[in-house]
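The values are calculated or read from the model by the stated rules, or taken from the named source; none is laboratory data. From a predicted model like this one, the values you see are computed outputs, not experimental measurements. Here the Cβ is made from the backbone with ideal geometry for all residues, glycine too, and neighbour counts use every protein chain on show.
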Amino acid sequence: MEPYEYTTLFKFETSYWWFRGLHAILRETLRDAGLRSGLSILDAGCGTGQNLISLSENNDCEIYGFDISIHAASFWPQRGLERVCVSSINEIPFRERSFDAVVSVDVLECEAVYEMAAYSEMWRVLKPGGLIAIVVPAYEWLLSDEHHKAVGATRRYSKRRLIDLLNTKPVELIRVTHLFASVFPLVVAYRVLQPYWKRRASDAPRSDLKPLPKVINETLFNVANIEKRFLKRFDLPFGSSILAVARKAD
């Protein structure tokens, strides 16, 4: 991930509709899967740390995190985070069976990540019976030269690819669902039209995180909130992201 993108991430993570919607979905999904107050959660690849703050809301869990980037780490003191460190998800610096839940959001797709090693490490540090929640971007054909270069990503996933990865370890799959189906047509249209927008070849690549008018941002968040209620009962057949939740076999 380009260093300047961490500044963008820190700026948008507390207000942008996508992050707010996703963090709320993760909190409710983990709670519905049985995560209780007082347990320990690891955010593997926590970025600038807002997801850690979100996961601690209303459940009083012990939260831990790490990220490979020193640029991400520079923002942790501003969020008041203490149980965090700089490390790679390919070699997680915690003992086996340390956590009741491990969460990873938009990490497996990164070029520096060896997905099998990363998943094996997340599984290793998880207690038997613990929960693992992974979010990845969906559909290889949605790869964007500029966005994915800016965030260091080289792959996107299908449900089958993610399920096959999870099943390389003894787990019980709880659910695998797409996310953000309600705005998926907008995402596809943006990706299709993006190559036709002129930009100078010398410009540094930038992610898709751009300021939105407040009314649009709040409208999209409200749409994601409605979808969150639907997700409590049903899995979505399509969407721009995929969420998988599994339980480590005893």
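Specify which of the listed residues (165, 186) is modelled with pLDDT under 95 and part of a helix (DSSP H, G or I). Give the derivation first.
Working: 165 fails: modelled with pLDDT under 95.
Answer to the check: 186.
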Enumerate the pairs (first residue in region 61-76 and under 18 Å from residue 105 (Cα atoms) and touching a residue at least 12 places away in the same chain (Cβ under 8 Å); second residue anywhere and hydrophobic (A, V, I, L, M, F, W, C) and surrounded by 22 or more Cβ atoms within 10 Å (Cβ to Cβ)) with beta-carbon separation below 6 Å, excluding pairs fewer than 6 apart on the same chain, so at least 6 apart or on different chains.
63/41; 63/52; 63/55; 64/42; 65/46; 65/52; 67/46
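Scan region 169-177 and tell me whether some residue there is modelled with pLDDT under 95 and in a loop (DSSP other than H, G, I, E, B).
Initially, region 169-177 is screened for residues modelled with pLDDT under 95, giving none.
Scanning region 169-177 turns up no residue that is modelled with pLDDT under 95 and in a loop (DSSP other than H, G, I, E, B).
Just give me the residues in region 161-170 being more than 20 Å from the chain's Cα centre (by Cα) and either without any contact (Cβ under 8 Å) to a residue 24 or more places away in the chain or surrounded by 16 or more Cβ atoms within 10 Å (Cβ to Cβ) (or both), in sequence order. Quick ask: steps written out before the conclusion?
Just the residues of region 161-170 that are more than 20 Å from the chain's Cα centre (by Cα), to begin with: 168-170.
Within region 161-170, 169 is the sole residue that qualifies.
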Residue 210 is checked against (1) in a loop (DSSP other than H, G, I, E, B); (2) basic (Lys, Arg); (3) under 20 Å from residue 23 (Cα atoms); (4) over 19 Å from the mean Cα position of the chain (by Cα) and fails just one. What number does that condition carry?
(4)
Name the pairs whose Cβ atoms lie under 6 Å apart, with the first residue in region 225-244 and farther than 19 Å from residue 186 by Cβ and touching a residue at least 60 places away in the same chain (Cβ under 8 Å), the second surrounded by 12 or more Cβ atoms within 10 Å (Cβ to Cβ) and hydroxyl-bearing (Ser, Thr, Tyr), and 6 or more positions between them or separate chains?
235/177; 243/177
Sort out which residues of region 3-16 are surrounded by fewer than 16 Cβ atoms within 10 Å (Cβ to Cβ), touching a residue at least 24 places away in the same chain (Cβ under 8 Å) and charged (D, E, K, R), and write them in order of number.
none
For residue 154, all conditions in the list (1) at pLDDT below 95; (2) of a type in the set (S, T, N, Q); (3) within 15 Å of the chain's Cα centre (by Cα) hold save one; what is the number of the exception?
(3)
Of everything in region 227-250, what is over 22 Å from residue 142 (Cβ atoms) and touching a Ser or Thr at 6+ places or on another chain (Cβ under 7 Å)? Give them in sequence order.
245
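Kindly check whether there is at least one residue in region 86-103 that is under 30 Å from residue 194 (Cα atoms) and not in a helix (DSSP H, G or I).
The initial filter retains those residues of region 86-103 that are under 30 Å from residue 194 (Cα atoms), namely none.
Among the residues of region 86-103, not one is under 30 Å from residue 194 (Cα atoms) and not in a helix (DSSP H, G or I), which makes the answer no.
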Filter region 113-162 down to residues that are touching a strand residue (DSSP E or B) at 6+ places or on another chain (Cβ under 6 Å) and in a helix (DSSP H, G or I) and give me whichever is farthest from residue 178 (Cα to Cα).
122
Taking the criterion of being surrounded by 20 or more Cβ atoms within 10 Å (Cβ to Cβ) and touching a Lys or Arg at 6+ places or on another chain (Cβ under 8 Å), would at least one residue in region 66-89 satisfy it?
no
Go through region 215-250 residue by residue and tally those that are assigned to a helix (DSSP H, G or I) and loosely packed, with under 14 Cβ neighbours inside 10 Å.
7
Within region 17-34, how many residues turn out to be under 20 Å from residue 97 (Cα atoms) and buried (at least 20 other Cβ atoms within 10 Å of the Cβ)?
1
Filtering region 38-54 down to residues that are crowded, with 21+ Cβ neighbours inside 10 Å and on the phi > 0 side of the Ramachandran plot, which residue is farthest from the chain's Cα centre (by Cα)?
49
Single condition residue 57 does not satisfy, out of (1) surrounded by fewer than 21 Cβ atoms within 10 Å (Cβ to Cβ); (2) touching a Ser or Thr at 6+ places or on another chain (Cβ under 7 Å); (3) closer than 29 Å to residue 213 by Cβ
(2)
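Can you find, within region 189-224, the residue that is nearest to residue 124 (Cα to Cα) among those that are among the polar types (S, T, N, Q) and modelled with pLDDT under 95? Before you say what the answer is, go through the steps one by one.
Filtering region 189-224 for residues among the polar types (S, T, N, Q) gives 194, 202, 207, 217, 219, 222.
Remaining after also requiring modelled with pLDDT under 95: 194, 202, 207.
Working: 194: 40, 202: 43, 207: 32 Å.
The qualifying residue nearest to residue 124 (Cα to Cα) is 207.
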